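Data first, discussion second: the structure below is written as structure tokens.
The values are calculated or read from the model by the stated rules, or taken from the named source; none is laboratory data. In this text the structure is predicted, and so the values were computed from the model without any measurement. When we count neighbours, we look across all protein chains shown, and the Cβ atoms used for this are built from the backbone with ideal geometry, even at glycine.
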Amino acid sequence: MQCWKCGYELKNLLLPFSRYEECTQCKADLHSCLACKHYDESVSDACREDRAEFVLDKDRANFCDFFKVNTKAFRNQDRSAADQARAKLAELFGDELPEQASNESHSSEADKALHELKRLFGDDD
Ligand SMILES: [Zn+2]
């Protein structure tokens with residue numbers, strides 16, 4: 001299975017693993033809601049298992065009796081977060097890099113002003 005947080009391939013894990021199990025790479029708690037098959041952001045408490053007790057920290061090790069490891073937890077999560085970020089950026093800025101565009105117009109405006117000043121005060125070279 002992969003770590004739900006960093007995607008690191010976790011080997012030699014004994015299933016079901018203990019609630020103290022953590023990712024060897026990023027030290028994320030593996031016995032947590034975010035790594036569980038019942039985790040679902042669209043339902044109340046983000047858990048599809050009605051009998052499970054409410055867990056506040058979804059990314060911390062829990063004492064839930066209904067924990068079932070979700071081997072696809074990493075892919076589900078990260079793909080959608082990255083896509084959302086990219087979509088938001090595209091929406092805001094289109095394809096252009098906003099900083100470059102504004103720098104360009106600033107410098108050409110400054111050049112124009114300088115030219116105008118030189119013309120007015122006869123400072124030709
Ligand atoms: Zn990890």
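The table below gives the values:
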| quantity | calculated |
| --- | --- |
| Selection within the stretch 1-53 - touching a residue at least 40 places away in the same chain (Cβ under 8 Å) and out of contact with any His (no Cβ under 7 Å at 6 or more places or on another chain) | Met1, Gln2, Cys3, Trp4, Lys5, Cys6, Gly7, Leu15, Pro16, Tyr20, Leu34 |
| Residues (under 18 Å from Phe74 (Cα atoms) and either touching a strand residue (DSSP E or B) at 6+ places or on another chain (Cβ under 9 Å) or surrounded by 10 or more Cβ atoms within 10 Å (Cβ to Cβ) (or both)) located in the stretch 42-58 | Ala46, Cys47, Asp57, Lys58 |
| Residues of the stretch 50-99 that turn out to be modelled with pLDDT under 90 and of a type in the set (D, E, K, R), as a count | 11 |
| Residue match in the stretch 20-32 (condition: away from the ligand (no atom under 14 Å from the Cβ) and surrounded by fewer than 12 Cβ atoms within 10 Å (Cβ to Cβ)) | yes |
| Residue count for the stretch 1-18, restricted to those that are exposed (fewer than 15 other Cβ atoms within 10 Å of the Cβ), at pLDDT below 90 and of a type outside the set (Gly, Ala, Ser) | 6 |
